[in-house]
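First comes the structure, then the notes that go with it.
Just so you know, all these numbers are worked out from the coordinates, no wet-lab data involved. Computed from a predicted model, the values in this text were never measured in an experiment. All Cβ positions, glycine included, derive from the backbone under ideal geometry; neighbour counts span all protein chains shown.
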Amino acid sequence: MKELKNEKELVKRAMALGTAYGEKRGVVEFEATDSATDKLEYIYRLLVHDKLIQPLPPDQLSQKAIRHRLAIWASKQPD
């Protein structure tokens, strides 16, 4: 897995887009005390459930892989 050129910014964008998507759908309200790790994992699972991204194989599921997958998803979203 090769890191994307601006992966950190894309992960931040994915968190913003994913949070907005989840709130618009009415399935989540994040608290200020929720960690970024928890938010990213929830967003990943929501997008997999809605079939917007392909799930990672269970043996490859890690925080780094989730961040990478969400960064790729965010890079494909319109501005």
TODO: Working from the alpha-carbon coordinates of segment 16-79, get Rg over Rh, Rh being the Kirkwood radius.
DONE: 0.94
Task: Lys/Arg +1, Asp/Glu -1 at C-beta; the chain dipole; positive extreme among Gly18, Pro78, Pro55 - done: Pro78
